[in-house]
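Below: the structure, in structure tokens.
All of the numbers you see were taken from the coordinates with simple rules; none came from a lab. These numbers were taken from a predicted model, which means no experiment stands behind them. All Cβ positions, even for glycine, are placed from backbone atoms using ideal geometry, and neighbour counts span all protein chains on display.
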Amino acid sequence: MRIENNYSVKPHNTFGINQITKLFIEYCSADELKELIKSKKLEQPFFHIGAGSNLLFVDDYEGTLLHSAICYIHPIKETQDEVWVSVGAGTCWDDFVAHCVEKEWYGAENLSLIPGEVGSAAVQNIGAYGVEVKDFLVSLKAINLLTGEEREFSNAECQYDYRYSCFKQPEMKIWAVVEVTFKLSKQPTFNLTYKGLLNELGEQPCTLKRLRKAVIDLRDSKLPDYKVLGNAGSFFTNPVVDAEKLNELLQQYPDMPHFAFKEGKTKLSGGWLIQMCGWKGRNVGDAAVYEKQALVLINKGVATGREVYDLSERIIDDVQQQFGVKLYREVNVIGKNGLQ
Ligand SMILES: Cc1cc2nc3c(=O)[nH]c(=O)nc-3n(C[C@H](O)[C@H](O)[C@H](O)COP(=O)(O)OP(=O)(O)OC[C@H]3O[C@@H](n4cnc5c(N)ncnc54)[C@H](O)[C@@H]3O)c2cc1C
């Protein structure tokens, strides 16, 4: 177990924000975490982080940041057509995807190169190019940080939705995910519903390796490298509107991009709305809107978390005023007492 006092979170967030946490504890196994809880050394407030690729620290944190270093990939069951794999929550997500591709297990490849860890992928229900983690997640194991109880949550119990699971609710922040079980196909099945992916693949027949490469190339061409320009991917979720609001908007903006969602609702392009408000490529100090994708906010150097947050407030206000649409932050904002 690693314990650090008054520790900078800079290496633990892809925005590159330099704030201090009172305590940082990294554990290496579920047993180690249970021991920590039993010893009563884990005091509230606490907040569990992953690789920090969806966090924005706007203040020093006056509690304990917990991090999992539980890393393994264990196949647990196999049939002719499918394989069940249990993965430690601290495993790098893309290492897991690369492993699946290597083994010719189908299902995770569209989620190649998404930063972060396996535990957070299950919390966030990460998604890209027509696939979400919930599509092949069977269950997860989590430990209650107040009592040490270990519990299994089925896919249905996680209550998955667009970039949502029950673990995003403030009262569920007492659960530390320690292991996630996925079911992958051993038979070639590809999700090529995203047009850009088909274009990237070109004429060649689709294979797992080619599809992973196409996803990686596409992502590299569109998203900033957080090691160069601090960011957390999409800062906002794409807003969802009902039919009435959609019609109202289409009358005024007939070319507005929109995509069928569910239950008669429609997803709008948050990036387009932000761009239409004139924000694409603009900056306020070192906090800026990425010039190639307006849904991504970046740290051009030494922006503080507060500056990035203030920029996001201005964008939310402008989009609300021009379109009457509310943008929600996908990024988890962490203040001095935790999630805001
Ligand atoms: C360049 C870039 C591109 C991105 N592209 C995408 C994309 O295409 N699709 C997408 O969905 N996301 C994308 N993201 C966002 C991000 O990668 C995901 O949200 C990712 O799952 C966050 O993982 P993390 O390990 O960094 O978690 P963190 O950001 O550290 O934490 C995220 C959440 O998970 C919780 N958490 C973390 N670990 C645990 C645990 N073990 N137990 C309980 N709770 C835990 C935290 O409390 C927090 O609520 C992108 C980010 C970047 C920087």
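In segment 2-68, the DSSP beta bridges split such that about 40 percent are antiparallel, to the nearest 5. In the chain, a dipole from Cβ-located charges (positive for Lys and Arg, negative for Asp and Glu) runs towards its positive end, and of Ser53, Leu36, Gln80 it is Ser53 whose Cα lies farthest in that direction. On full extension, the segment bounded by His74 and Gln252 gains 58.7 nm, given 0.36 nm per residue less the C-alpha separation.
Distance between the modelled labels on Ser39 and Leu339, one decimal in nanometres: 2.7 nm (7 Å Cα→Cβ projection).
Taking a ≥ b ≥ c as the square roots of the eigenvalues of the Cα gyration tensor of the chain, is the shape rounded (a/c under 1.5), prolate (a/b larger than b/c) or oblate? Taking the square roots of the gyration eigenvalues as a ≥ b ≥ c, the chain is oblate. In this Cβ point-charge picture (+1 for Lys and Arg, -1 for Asp and Glu), the chain has a dipole of about 260 debye about its Cα centre. Full extension of the chain between Asp225 and Ala98 gives 43.8 nm of extra length, using 0.36 nm per residue less the Cα-Cα distance. Projecting the Cα positions of Ala176, Ala142, Gly305 onto the charge dipole of the chain (unit charges on Cβ atoms of Lys, Arg, Asp and Glu, taken about the Cα centre) puts Gly305 furthest along the positive direction.
Computed over the chain, the per-residue total of -39500 (n - 2.57) for DSSP H runs of n ≥ 4 gives a 222 nm mean residue ellipticity of -7500 deg cm²/dmol, rounded to 500. Extension gain for Ala243-Glu4 works out to 80.9 nm (0.36 nm per residue, less the C-alpha to C-alpha distance).
Each Lys and Arg Cβ is given +1 and each Asp and Glu Cβ -1; about its Cα centre, segment 230-339 then shows a dipole of about 260 debye. How many angstrom lie between the C-alpha centres of segment 108-136 and segment 1-55? Value for the Cα centre distance between the two parts: 23 Å.
Dipole of segment 230-339 computed with +1 at Lys/Arg Cβ and -1 at Asp/Glu Cβ about the Cα centre; of Gly270, Tyr290, Asn332, farthest Cα towards the positive end is Asn332. Remark: segment 252-299 carries a charge dipole of roughly 120 debye about the Cα centre, counting +1 on each Lys and Arg Cβ and -1 on each Asp and Glu Cβ. Among the listed pairs Lys222/Lys336; Lys183/Lys213; Lys280/Lys326; Lys22/Lys183; Lys22/Lys134; Lys41/Lys173, those with a Cα-Cα distance over 28 Å are Lys222/Lys336; Lys22/Lys183; Lys22/Lys134.
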